[in-house]
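Only one structure is covered here, and it is reproduced in the block below.
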Amino acid sequence: MDDKNTKTSDQLISDQDTAEQPKQQEVSETKIKKAELKFDKIQKIKDKLFAKGAPLEDPRQRVMAILIPMLSLIFVVVFTKVSGISFPSKASANIVAPSPDIKLVDDIKNWQIPEPYPKDLRDPMQFGSAGATASGHPIITGIVYSDDPTVMINGRIFRQGDEVVGAKIVKINKNSVVFKSGNQEWEQKVRH
């Protein structure tokens, strides 16, 4: 065998070490540069805050500039401890098994469409009462008395001659409205 082409294991290891040394030097140099940059940034902040003519020239302001962030951090830690707030870790996951008492599938299978609401039921999302009383008369919520008077019934505005809940508005007075339904005529006051 040719001695020039064959290398011993010691020579191979020493060749790898010499190849890795520049890489390690580059990594350590970049770490040193990063640390120097961080130190420079911190030094610039200190110079801005604590130099002559800086906003924190007064010693009390310097103390406050240091104490406020520290006290804020302490407050957050104490608050989380007292309130019992816990932050879940990624490693632990709480898997909750369904309770054997709950029978959701049976409830879904036995579900039926509910009966529709009666038509005379008042809408709970509307202000005031329904458009008519139990006797069938409309409920007046406001009157604007002028040359062309108007009346507000169930949130809608009507004039003389309009029809509301099967009754015709005959006349609008200052405090009341005269209705007519068939042969029956009545006067109704504003509901307060």
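The values are calculated or read from the model by the stated rules, or taken from the named source; none is laboratory data. Here the structure is a predicted model, which is why all the values come from computation and not from measurement. Cβ: placed from backbone, ideal geometry, glycine included. Neighbour counts: every protein chain shown.
The residue that is surrounded by the most Cβ atoms within 10 Å (Cβ to Cβ), counting only those in region 140-165 that are more than 22 Å from MET125 (Cα to Cα) and among the hydroxyl-bearing types (Ser, Thr, Tyr), is THR150. Report, ordered by the first and then the second residue, all pairs with beta carbons closer than 8 Å, sequence separation of six or more or different chains, a first member in region 76-95 that is in a loop (DSSP other than H, G, I, E, B), and a second member that is at pLDDT 70 or above and of a type in the set (A, V, I, L, M). So the pair list comes out empty.
Across region 166-192, the qualifying residues are those that are touching a Phe, Trp or Tyr at 6+ places or on another chain (Cβ under 9 Å) and in a loop (DSSP other than H, G, I, E, B), and the one among them that is surrounded by the fewest Cβ atoms within 10 Å (Cβ to Cβ) is LYS174.
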